[in-house]
1. Tally time: how many residues in segment 29-39 are open to solvent by 40 Å² or more (accessible area, probe 1.4 Å), closer than 24 Å to Asp139 by Cα and in a helix (DSSP H, G or I)?
2. I'm trying to understand the selection: among the residues of segment 120-149, which are part of a loop (DSSP other than H, G, I, E, B), modelled with pLDDT of 95 or more and open to solvent by less than 20 Å² (accessible area, probe 1.4 Å)?
3. Could you list, in sequence order, all residues of segment 43-64 that are under 15 Å from the mean Cα position of the chain (by Cα) and either of a type in the set (Lys, Arg) or open to solvent by 20 Å² or more (accessible area, probe 1.4 Å) (or both)?
4. Can you name the condition, by its number, that Gly48 falls short on among (1) outside any helix (DSSP H, G or I); (2) within 19 Å of Thr6 (Cα to Cα)?
5. All but one of (1) without any contact (Cβ under 8 Å) to a residue 12 or more places away in the chain; (2) open to solvent by 70 Å² or more (accessible area, probe 1.4 Å) hold for Arg17; which doesn't?
6. Tell me which of these Ser75 doesn't satisfy, since it passes every other one: (1) outside any loop (DSSP other than H, G, I, E, B); (2) closer than 16 Å to Ile9 by Cβ; (3) of a type in the set (Gly, Ala, Ser).
7. Counting just the residues of segment 65-104 that are farther than 23 Å from Pro37 by Cα and at pLDDT 95 or above, which one comes out surrounded by the most Cβ atoms within 10 Å (Cβ to Cβ)?
8. Please tell me if Val56 is assigned to a helix (DSSP H, G or I) and more than 21 Å from Ile15 (Cβ to Cβ).
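The values are calculated or read from the model by the stated rules, or taken from the named source; none is laboratory data. Given the structure is predicted, the values throughout are model-derived calculations rather than measurements. A quick note on method: Cβ atoms are made from the backbone with ideal geometry, for glycine too, and the neighbour counts reach across all protein chains shown. To get the accessible areas, we keep the full protein, side chains included, count just its heavy atoms, and leave off ligands, DNA and RNA. Shrake-Rupley method; radii C 1.70, N 1.55, O 1.52, S 1.80 Å.
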Amino acid sequence: MFNNITDAINWIESIKRFGDKLDLSRMELASTILGHPEKKLNVIHVAGTNGKGSTVSYLKHILLEQGYSVGTFTSPYIVRFNERITFNYNDISDDELLTYINKVNSLYNEVLEQFNEVITFFELITLISFMYFRDLNPDYIIYEVGLGG
């Protein structure tokens, strides 16, 4: 368990970025253990080669102007790790991020010990966003998705 955000972010950034298997088996396993938080979300996926970040920003501001609450998940960040996950106009706070990193750290260890699977960096931050948005319950969540969506 991490006691400060610096150690927590250093740990999560030390995890390998991509797995040996390019499928969703680890995400399915982890999501099952977590009770499938992603199934409780109203998600808009933004995919493609170019313009994903701009499209996410446009959609977010259109929805906010209409009075909806909006979460976003983007990658990479510009200045701070927290920028990857936002709710309305605010990045996830250090305290919230620390809480969710500790949750995925525990999950990471459980999956490694019980199933000999290593959840990757991108899978871990996606799982953090699933739990964070499940707990906040915004009207819409906009996901900028990469390889394979």
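1. 3
2. The answer is Pro138, and nothing else.
3. Listed by number, the residues that qualify are Val43, Ile44, His45.
4. (2)
5. Among (1) without any contact (Cβ under 8 Å) to a residue 12 or more places away in the chain; (2) open to solvent by 70 Å² or more (accessible area, probe 1.4 Å), the lone unmet condition for Arg17 is (1).
6. Only one criterion is unmet by Ser75, namely (1).
7. Filtering segment 65-104 for residues that are farther than 23 Å from Pro37 by Cα and at pLDDT 95 or above, the one surrounded by the most Cβ atoms within 10 Å (Cβ to Cβ) comes out as Gln66.
8. Criteria met by Val56.
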